[in-house]
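Structure first, then comments.
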Amino acid sequence: MDIPQVPMPEADPTKKRRRPAFSCIECRTRKVKCDRASPCSQCVKVKITFCTYAPHPRSQPADSANTGFTAVGDVPDFATASTATSTQASASSAFTSPSAAHTPGSSAFESVSQRFGASETQRDARSDRPELDSLRNESMSASDLRRPKRPFPVRGTHHKTRFFGQSHWMNGSELFPILLRILQKEEDLKGSGLNSAIDNCKTLARAIKAQRIPPFVFPQIGQHLPQRQIADRLVNCYLRTFETVYRVVHIPTFRSEYERYWDDPSAAKPAFIALMQLCMAIGACFFDDRFTMRSSAIQWIYEAQSWLNTPPEKTKMTSLGLQVMCLVRFARQVAGLGADLTWISAGSLIRTAMYMGLHRDPKHLRIPNRTLYSSELRRRLWATILEIILQSSVDAGGPPLISLADFDTEPPGNFDDADLLDGDTRSVRVKRPDEFSQTSVQIALLNSFRTRLAIAKSVNDLQSTAAYEATLALDAELGTSCRDLRKQLLAWPKDEHGVSGVSDFQRRFTEWALYRYYFALHVPQLRQSLTDPVYYFSRKMCVDTALKLCQIASLLPTQPPSKNGDFDSLLISASGPYRAIVFQGITIVGLELLTRKQEEHGGSGLSTTLGASEMRSVLEAAADWTLRQIHSGETNCKGHMCIHMILAHIDGIEAGLGDKELDESIEAQALMALQHCHNLMLESAGLTPGDTQVQSLDPLAGFEPFEDDPMDFLTGWEEVVSR
């Protein structure tokens, strides 16, 4: 009798998911219990400086098809914006820069250009990027907001009342555990020499700031203007610097209103006075090499903010009001008034602009008597607002909170201001891309907006669990944007004397604004790259970018002495990202040199020392750079102190000092640096030691909503050390 064949169920091809590993890779390799610290106690016992934790893939809910949660969600935004018309699609595509061959530029530090060239070649070889394609196609459903079953890992630092996301420059502080341990020990020992020196510098800084802050009253705008001759110089300083990169005002119209103001100041509108004073406040940074008009700049910024905050608010919803809001953000970063808080007010700026319809291209709106002049001014202003939103989000380590699908405004046309006249209805020829105009640099920078936005979203997105391959894919996109920008800067014609239409300020500013995104991409992997060869590319890109930024800041040893140009003045006198990004590059150079010395000391002696002397020269030049900032009115001494601590650490390793002797040497150098800064601040401010006890003139003293101390986290070392 035949036995019926019962079909056996096929084995489930899906492999059962393993329990995620929470121990560090080193403890799992040695099969010991890990306390999950950073570094963990087991690694500390065997003198492993850094622990490496494998990333945890986010578990998908069983009904993931219904929840709509994906691996990355809406992070990359590389795909063209979801628009209904071909016109909108073409407008969005204008933000994509075409691929171009790399054009090597002259570099004072030859190896920097060579390294970037080699890195770009490696990126070009990765033409097939399925990870990027998958990122482009994924989206998050807005119909289901259920929480995932596992919380997302915290990627950033929470200090006091603020959270610094991954792109914030301070997240690299944990890479110097010995320095942080020394500073934490000194803070625990109340009254110690180093801790007292830090407190003395802080007290003096508060006294200096108190002299700069005007009384907290609602000032009558326009009552603190300088003489006409000085005002002319200040306005020209602004127009030749910031206005050549971020277009805010129409220069012929502004100059016409400016002349009318001096003819009859009483007839001027408060909105224009606020705008004019903000132009002067920004220009004061370039007026001299000591920023002697900082107090006046702060006065003008407060007056503009008071004007914006006084009712009725509807009267500020004009193009002139938006221009004032844009310049307030630039001026605060230049003068150091809450430069690290501009991301908060940037949200109000873009919502005001969208409420006024700037996110829609003028040709889609029924604007009465619409002219080329009015349309182009709206496009220019929207492009500037996009840059403010993106830059402030990266500075704060927060998500940009905007996507390409949120607007269809086209990029500005390649016009000179003289081509656009109010009320002129004649047609004007748009200049070709290879023809230089007063808007060319803004357009060139805007071409990379899509890539930079994708990086900011990927790095600071709460739900992003993208693999390292996605970082490499974004790196390739950024490399293309850098090459395109470099090619465009070199392509614009020169005059009969061989001088390019692009100024030194425009070239260095745009390179600084673009290259900084390599830090946002690769610094989160820098710690792992020191021990895991898989991430070595990130280490290399961080070092190459740091050297490139130091080159832009004129800190390389082979560069000719700086002539204190406009961009040099910006990096020395301004605050916020202009100082922080270069300082981040300096610390990465110090980390690389420190790591090399440790590898030589603890290894076989075969480690390469190529570039070690040049890197040390960069650190020494950076120490002098921070002193020039103090001369220019800076009140934060911790940057100068940290550079000297890194140099002392390197010297101690070279000398073979023991742990105790090394700590003492680092402490001594830190104390010496702080004492030098303290004396320099007294001299620069014209104060005596007794003046440090002056109480703040601001009735809101102690509240200090605009207190700008981007290294204030160093007063709470413990939470950084324990990460």
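The values are calculated or read from the model by the stated rules, or taken from the named source; none is laboratory data. Note that the coordinates shown come from a computational prediction; the quantities given were computed from them, not determined experimentally. Note that we place each Cβ from the backbone using ideal geometry, even for glycine, and neighbour counts take in every protein chain shown.
Against the conditions (1) in contact (Cβ under 8 Å) with a residue 40 or more places away in the chain; (2) buried (at least 24 other Cβ atoms within 10 Å of the Cβ), where does ALA297 fall short? Just the number, please.
The number of the failed condition is (1).
Could we say that VAL534 is more than 26 Å from LEU381 (Cα to Cα), touching a helix residue (DSSP H, G or I) at 6+ places or on another chain (Cβ under 6 Å) and β-branched (Val, Ile, Thr) here?
no
Does at least one position in segment 276-284 carry a residue that is over 17 Å from ILE221 (Cα atoms) and either among the acidic types (Asp, Glu) or modelled with pLDDT under 95 (or both)?
Checked segment 276-284: no residue is over 17 Å from ILE221 (Cα atoms) and either among the acidic types (Asp, Glu) or modelled with pLDDT under 95 (or both).
Within segment 420-444, track down each residue that is surrounded by 12 or more Cβ atoms within 10 Å (Cβ to Cβ) and among the basic types (Lys, Arg).
Passing the criteria: only LYS431.
ARG247 fails exactly one of the following numbered conditions: (1) outside any helix (DSSP H, G or I); (2) free of Cβ contacts under 8 Å to residues at least 24 places away in the same chain; (3) buried (at least 18 other Cβ atoms within 10 Å of the Cβ). What is the number of that condition?
(2)
Among the residues in segment 307-317, are any in a helix (DSSP H, G or I), modelled with pLDDT of 95 or more and not basic (Lys, Arg)?
Looking through segment 307-317, none of the residues is in a helix (DSSP H, G or I), modelled with pLDDT of 95 or more and not basic (Lys, Arg).
Please find, within segment 308-335, the residue that is farthest from LEU358 (Cα to Cα) out of those that are hydrophobic (A, V, I, L, M, F, W, C) and surrounded by fewer than 21 Cβ atoms within 10 Å (Cβ to Cβ).
LEU308
Quick one: count up the residues across segment 503-536 that are under 21 Å from PHE449 (Cβ atoms) and hydroxyl-bearing (Ser, Thr, Tyr).
Qualifying residue count, segment 503-536: 4.
Mind checking whether some residue in segment 574-585 is farther than 26 Å from SER295 by Cα, buried (at least 23 other Cβ atoms within 10 Å of the Cβ) and of a type in the set (A, V, I, L, M, F, W, C)?
There is no residue in segment 574-585 that is farther than 26 Å from SER295 by Cα, buried (at least 23 other Cβ atoms within 10 Å of the Cβ) and of a type in the set (A, V, I, L, M, F, W, C).
Collect the residues in segment 488-532 that are among the basic types (Lys, Arg), crowded, with 20+ Cβ neighbours inside 10 Å and either outside any helix (DSSP H, G or I) or modelled with pLDDT of 90 or more (or both), keeping them in residue-number order.
ARG508, ARG516
Could you say which residue among GLU654, GLU664, GLU719 is of a type outside the set (Lys, Arg), surrounded by fewer than 17 Cβ atoms within 10 Å (Cβ to Cβ), modelled with pLDDT under 75 and under 28 Å from CYS51 (Cα atoms)?
GLU719
Got a sec? Which of ARG255, ARG240, ARG260, ARG233 is free of Cβ contacts under 8 Å to residues at least 12 places away in the same chain, within 24 Å of GLN506 (Cβ to Cβ) and surrounded by fewer than 20 Cβ atoms within 10 Å (Cβ to Cβ)?
So the residue among ARG255, ARG240, ARG260, ARG233 that is free of Cβ contacts under 8 Å to residues at least 12 places away in the same chain, within 24 Å of GLN506 (Cβ to Cβ) and surrounded by fewer than 20 Cβ atoms within 10 Å (Cβ to Cβ) is ARG255.
Kindly establish whether THR558 is of a type in the set (Ser, Thr, Tyr) and either out of contact with any Asp or Glu (no Cβ under 8 Å at 6 or more places or on another chain) or at pLDDT 95 or above (or both). Even if it seems obvious, please write down each step before you answer.
Details: of a type in the set (Ser, Thr, Tyr): yes; either out of contact with any Asp or Glu (no Cβ under 8 Å at 6 or more places or on another chain) or at pLDDT 95 or above (or both): no.
For THR558, the condition - of a type in the set (Ser, Thr, Tyr) and either out of contact with any Asp or Glu (no Cβ under 8 Å at 6 or more places or on another chain) or at pLDDT 95 or above (or both) - is not met.
Going through segment 394-419 one residue at a time, which ones are touching a Phe, Trp or Tyr at 6+ places or on another chain (Cβ under 6 Å) and crowded, with 23+ Cβ neighbours inside 10 Å?
Passing the criteria: GLY397, THR409.
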